[in-house]
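To keep things clear, I will list the structure first and then write my remarks on it.
The values are calculated or read from the model by the stated rules, or taken from the named source; none is laboratory data. Please read all numbers here as calculations on a predicted model, not as lab measurements. Note: ideal-geometry Cβ built from the backbone for every residue, glycine included; neighbour counts use all protein chains shown. These area figures cover heavy atoms from the full protein model, side chains too; ligands, DNA and RNA do not enter into them. Shrake-Rupley method; radii C 1.70, N 1.55, O 1.52, S 1.80 Å.
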Amino acid sequence: PSATKGLFMPSLTHSHLIGHRGARAEAPENTLGGFEYLRNLGINKVELDVHLSQDLELVVIHDTDTLRTTGTQLEVALTAAADLAQLNATFENKVLWNQVEPIPTLHQVLCVWENLEHIQIEIKPLESPELRVIMAHELLKHCQKLKLNEKTTVITSSDYDFLRTSKEINPFPHGLVADHEIADIDNPIEVAQSSGCDLLVLHYVLYTEDMAQACREANMPVSLWTVNDVQTANLMVERGAASIITDKPKAFQAWIVKNNLI
């Protein structure tokens, strides 16, 4: 269904797809193997999560601890990157995955990604102003070393204090990650604008027709997470979403091909 019946409406295509933590439902999340799986699908757009290890390495993992993904309980912030790399991050994965997948650093992930088109580097909330500054400077150092550019890279976070800090240090576009919690506190568009953001990374259930209209009026592009139903994704693109972050990129590709979309 569409509010502009009779007019051409955009549809979900391959170009809209961003792999969530790689391809979370199809390969181990936030691992070198998972990201390779995504690339082998021909998708070079990815969202991943970054924490600081004890030795201030940028490690790619979603949670503050390692239990869910590895079966071993370690706090990321209290563990050196080399020790995190000894764990196998396939513990929660529901598909058959025979090879060991260590917790990687951001550098390890990106130094082998030659055809990267778009990356959302999500920084998880930080506990102090000092850590926010350290994270922002480490990000800048790594992004420069990896020769990332402003066309491919967006630094995202739900920690808008970090976003404000990072904006003063990093030249890259920034995006606010917003869910129900943030929406209850304030208008996510206003929070994104006040944090100097160029992108709203919004939980898809908040992307109503009214929200879509408000984003258009604010000239705020929207990337939606986490959408695993293709009909919902198609509706979100019709409403104006710039991209769809999904756990199921291969399944989405099959639907796109079946419906003769490009």
Report task. Among residues belonging to region 217-230 that are over 13 Å from E47 (Cβ atoms) and touching a residue at least 12 places away in the same chain (Cβ under 8 Å), point out the one that is farthest from the chain's Cα centre (by Cα). Result -> A218
Query raised in the report: Do you know which residues across region 25-42 are farther than 22 Å from L126 by Cα and either crowded, with 24+ Cβ neighbours inside 10 Å or among the hydroxyl-bearing types (S, T, Y) (or both)?
Result: A27, P28, T31, G34, F35, Y37, L38
Requested in this report: Quickly run through region 180-211 and pick out the residues that are under 21 Å from Q120 (Cα atoms), of a type in the set (A, V, I, L, M) and either open to solvent by less than 40 Å² (accessible area, probe 1.4 Å) or in contact with a Pro (Cβ under 9 Å, 6 or more places away or on another chain) (or both).
Outcome: I182, A183, I189, V191, A192, L199, L200, V201, L202, L206
Requested in this report: Considering each of L48, L58, L131 in turn, give the residue that is closer than 24 Å to K167 by Cα, of a type in the set (A, V, I, L, M), open to solvent by 30 Å² or more (accessible area, probe 1.4 Å) and in contact (Cβ under 8 Å) with a residue 40 or more places away in the chain.
Outcome: L131
Query raised in the report: Restricting the search to region 69-107, which residues are open to solvent by 60 Å² or more (accessible area, probe 1.4 Å), modelled with pLDDT of 95 or more and in contact with a helix residue (DSSP H, G or I) (Cβ under 7 Å, 6 or more places away or on another chain)?
Result: Q73, H107
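From A214, A192, which residue is within 17 Å of the chain's Cα centre (by Cα) and farther than 14 Å from I245 by Cα?
Exactly one residue qualifies, and that residue is A192.
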Report task. Just name the residue that is modelled with the highest pLDDT out of those in region 172-184 that are touching a helix residue (DSSP H, G or I) at 6+ places or on another chain (Cβ under 8 Å) and outside any strand (DSSP E or B). Result -> F172
Report summary line: Taking region 238-256 and keeping only residues that are in contact with a Ser or Thr (Cβ under 9 Å, 6 or more places away or on another chain) and either surrounded by fewer than 20 Cβ atoms within 10 Å (Cβ to Cβ) or modelled with pLDDT under 95 (or both), one is left with E238, A242, I256
Query raised in the report: Listed residues V230, V205, V191; which is among the aliphatic types (A, V, I, L, M), in contact with a helix residue (DSSP H, G or I) (Cβ under 9 Å, 6 or more places away or on another chain) and closer than 14 Å to L17 by Cα?
Result: V230
Query - Matching option when the condition is over 25 Å from L176 (Cβ atoms) and either open to solvent by less than 30 Å² (accessible area, probe 1.4 Å) or modelled with pLDDT of 95 or more (or both), among T66, T152 - result: T66
